[in-house]
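Quick notes on the structure that follows.
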Amino acid sequence: MCMSSEPVSMGEFSETDLILREVLRDVLGLSPERVEAFTLDTGLFGHLPELDSMAVAGLLTEIEDRLHIIIEDDEVDGEMLESYGALLGFVETKRRGG
Amino acid sequence: MLAAWPSSAGEDEYALTIGASGGTRILVLPALFDEANKLRHFTVEVMRQLERAGIASVLPDLPGCNESRAPLAYQSIETWREAATDAASFFGVTHVLTLRGGALVAPFRLPVLRYAPATGSSILRAMVRARMISSKEAGIEENREALLELGRHQGLELAGYRLGPRMIRELETAEPADGAALTNIAQGDLGGAGLWLRAEPDHDPSQADALAALVVAELLA
């Protein structure tokens with residue numbers, strides 16, 4: 001068996017989790033270390049003053065592009081953006097076709 | 001330095017000029033709306049890098065933006081294209097470099113280099129989404145289609161920008177015109193993520209260096 005065809009280990013993060021952290025890193029201008037330290041409880045909208053509505057709109061559009069999902073307007077609410085865990089849960093459900 | 005130029009919209013507008021006129025001179029058309037703020041530092045740094053390579057450049061205020069006295073609500077993609085064409089002619093530019101949505105307002109007759117061009121519909125979509133998010137925070141539910149329908153007839157305030165009905169209608173269908181396109185430069189060619197994504201204006205000197213180098217290489221090719 002060719003080793004290069006083996007799936008690359010994602011360590012403790014799922015692929016969705018990794019991509020979502022990358023998007024947040026790019027939007028918030030954070031170091032990879034700081035974004036890696038995000039936990040499911042890390043607060044987002046309402047906790048990070050720089051994340052205003054325009055930044056959130058850009059964030060959602062970038063998530064759509066990189067994760068190949070469409071986020072409907074009526075799905076966007078404060079709860080889904082409240083914490084990293086809530087956003088990750090939402091995106092993972094979307095990617096499973098939910 | 002700052003220079004004034006006559007826009008056919010009636011008012012003089014300002015432009016930032018870097019480098020001496022006489023040789024290659026590039027009209028730099030900025031990103032639009034919120035992205036213009038996010039990319040301002042980057043844009044001017046690219047111009048400084050171009051000057052080091054002997055290329056002059058001009059960054060005009062689009063009517064209704066920055067120091068302009070013209071009301072933004074009267075502007076549209078087409079009025080901005082006319083203004084950009086006026087500026088190109090006044091400053092005697094040889095090429096155009098557009099950033100993001102700036103590609104939508106490029107003059108038709110000059111060779112254009114486009115950095116990460118954006119469509120009007122994607123810009124509008126993000127701005128409407130931002131408005132809906134902030135309305136929701138204030139306890140007001142809004143509907144995208146109803147907002148756009150209102151905007152097409154009466155204009156709309158989006159993300160702090162008062163856009164007139166013509167702007168809304170033109171943004172819905174505006175695409176970068178490819179008449180005189182020389183080349184597209186993708187974000188991936190610069191390395192790193194686009195600075196327009198940042199929640200707050202930020203800068204990355206290596207990206208500015210990379211874009212300026214790609215522009216110089218294209219012009220010398």
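In this structure chain A gives 55 Å² per residue of accessible area when probed at 1.4 Å with all protein chains present. What the stretch B:97-221 shows is 44 Å² of accessible area per residue, with the surface traced by a 1.4 Å probe over protein heavy atoms. Can you tell which of B:Glu67, B:Glu157, B:Glu141 shows the greatest fluctuation in a Gaussian network model of chain B with Cα springs below 10 Å? The residue that fluctuates most here is B:Glu141. Across peptide B:34-43, the mean count of Cβ atoms from other chains lying within 10 Å of each residue's own Cβ comes to 1. In the stretch A:68-96, the residues whose accessible area drops by at least 40 square angstrom when the other protein chains are added to the isolated chain are A:Asp73, A:Val76; the probe is 1.4 Å and only protein heavy atoms count.
Inter-chain Cβ neighbour count for A:25-34, averaged per residue, equals 3 (cutoff 10 Å, partner chain atoms only). Computed from label points 7 Å out along Cα-Cβ, the spacing between A:Glu82 and A:Arg96 is 2.0 nm. Think of it as helices only: each DSSP H run of n ≥ 4 in the protein assembly as shown is worth -39500 (n - 2.57), and spread over all residues that comes to -13500 deg cm²/dmol at 222 nm.
Expressed as a whole percent, the accessible surface of the stretch B:111-221 that belongs to carbon and sulfur atoms is 51, based on a 1.4 Å probe. Within the listed set B:Ile26, B:Ile185, B:Ile140, the residue fluctuating most in the Gaussian network model of chain B (springs between alpha-carbon atoms under 10 angstrom) is B:Ile140.
Phi-derived couplings, Karplus 6.51 cos²θ - 1.76 cosθ + 1.60 at θ = phi - 60°, listed residue by residue for the stretch A:43-50: x, 10, 4, x, 10, 10, x, 6 Hz, with x used for Gly and Pro. Between B:Leu163 and B:Leu156, B:Glu157, B:Leu158, the built amide H atoms are under 5 Å apart, and every one of these is 5 or more places off in sequence or on another chain. For the peptide B:197-207, the mean number of other protein chain Cβ atoms found within 10 angstrom of a residue's Cβ is 4. Once backbone amide H atoms are built at 1.01 Å from N, B:Leu29 has B:Leu97, B:Thr98, B:Leu99 as its partners under 5 Å, excluding neighbours fewer than 5 places away on the same chain.
Interface size, chains B and A: roughly 1800 Å² of accessible area buried, both sides included, 1.4 Å probe, rounded to the nearest 100. All other residues whose Cβ lies under 10 angstrom from that of B:Glu13 are scored, Lys and Arg at +1 and Asp and Glu at -1, for a net of -4. Take B:101-113, B:195-207 and order them by the average number of nearby Cβ atoms within 10 Å per residue, most first; the result is B:101-113, B:195-207.
Springs join every pair of Cα atoms under 10 Å in this Gaussian network model of chain A, and among A:Glu75, A:Glu64, A:Glu50 the largest mean-square fluctuation is at A:Glu75.
May I ask you to give the percent of accessible area on the stretch B:61-110 that is carbon plus sulfur, with a probe radius of 1.4 Å? The computed percentage sits at 50. The spacing between the stretch A:35-73 and the stretch B:48-69, judged by their C-alpha centroids, is 32 Å. For the stretch B:123-171, heavy-atom accessible area (probe 1.4 Å) falls by no less than 20 Å² from the chain alone to the full protein assembly at B:Arg125, B:Ala126, B:Arg129, B:Ala130, B:Met132, B:Ile133, B:Lys136, B:Glu137, B:Arg144.
Taking amide H atoms as placed 1.01 Å from N in the peptide plane, the amide H of A:Thr42 lies under 5 Å from those of A:Tyr84, A:Gly85, each 5 or more residues away in sequence or on another chain. Shape of the protein assembly as shown from the C-alpha gyration tensor: oblate (a/c of 1.5 or more and a/b not above b/c, with a ≥ b ≥ c the square roots of its eigenvalues). Modelled spin-label separation between A:Leu48 and B:Arg144, with each label point placed 7 Å from Cα along the Cα-to-Cβ direction: 2.3 nm. The gain in end-to-end length when the B:Asp209 to B:Asp178 segment is fully stretched comes to 8.6 nm, 0.36 nm per residue minus the alpha carbon separation.
The values are calculated or read from the model by the stated rules, or taken from the named source; none is laboratory data. The structure presented is a predicted model; accordingly, all values stated were derived computationally and were not measured. All Cβ positions, glycine included, derive from the backbone under ideal geometry; neighbour counts span all protein chains shown. Quick note on the areas: whole protein, heavy atoms, side chains included, nothing else; ligands and nucleic acids left out. Shrake-Rupley method; radii C 1.70, N 1.55, O 1.52, S 1.80 Å.
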